[in-house]
1. So what's Rg/Rh here for the chain, counting alpha carbon atoms and using the Kirkwood radius for Rh?
2. By how many nm would the segment from Asp84 to Val101 lengthen if fully extended, with 0.36 nm per residue of separation less the alpha-carbon distance?
3. Given H placed on each backbone N at 1.01 Å, which residues far from Val87 in sequence or on other chains put an amide H within less than 5 Å of it?
4. Run through every distinct alpha carbon pair of the range 66-106 and return the Kirkwood hydrodynamic radius in angstroms, one decimal place.
5. So, counting K/R as plus one and D/E as minus one, what does the shell of residues with Cβ under 14 Å around Phe38 add up to?
6. Based solely on its DSSP helices, what 222 nm [θ] is calculated for the chain when runs of n ≥ 4 H residues each add -39,500 (n - 2.57) and the sum is averaged over all residues, nearest 500 deg cm²/dmol?
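Please treat every number below as a calculation from the coordinates, not as lab data. Treat the numbers as computed from the prediction; the structure is a model and nothing was measured. Reconstructed Cβ throughout: ideal geometry from the backbone, glycine too, with neighbour counts over all protein chains shown.
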Amino acid sequence: MRSRAARVIVWGLGICLLLYACAATGLYAAMRQTPETFGAIMSRVPTIAMIVLPFKPLWYSARGGHLRVGDRAPDFTLPVLHRDQKVTLSEEYRHRPVVLVFGSYT
């Protein structure tokens, strides 16, 4: 009787571990999607999943990118506010040093 109970417990834990791994893998796959797709997926994920699954480490891994301290910033072109012009990082960098500030001022 004891060995049967032990097998049931081991199988139950194994199934729980497999479900946990599948859920974490699914969450990681969702994090690798575009922000719009990720938002649509996350709107359907129950709150308890965010408590149980390792959200922060998965997020850092999925969205970490390949840039490291000291790497050059990727080139990009953006429209200038209130004008019909565009600014390109590589063009600006040729003429003077460039500082990129990201944040919210609201």
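1. Numbers: Rg = 23.1 Å, Rh = 18.6 Å.
So for the chain, dividing Rg by the Kirkwood Rh gives 1.24.
2. Numbers: separation 17, 0.36 × 17 = 6.12 nm, distance 2.22 nm.
Once the chain is fully extended between Asp84 and Val101, it gains 3.9 nm.
3. Placed amide hydrogens put Leu78, Val80 under 5 Å from Val87.
4. On the way: mean 1/r = 0.0820 Å⁻¹.
This gives a value of 12.2 Å.
5. On the way: positive: Arg32, Arg44, Arg63; negative: Glu36.
My count for the surroundings of Phe38 gives +2.
6. Details: 5 runs with 60 residues, N = 106.
Per the formula, -17500 deg cm²/dmol.
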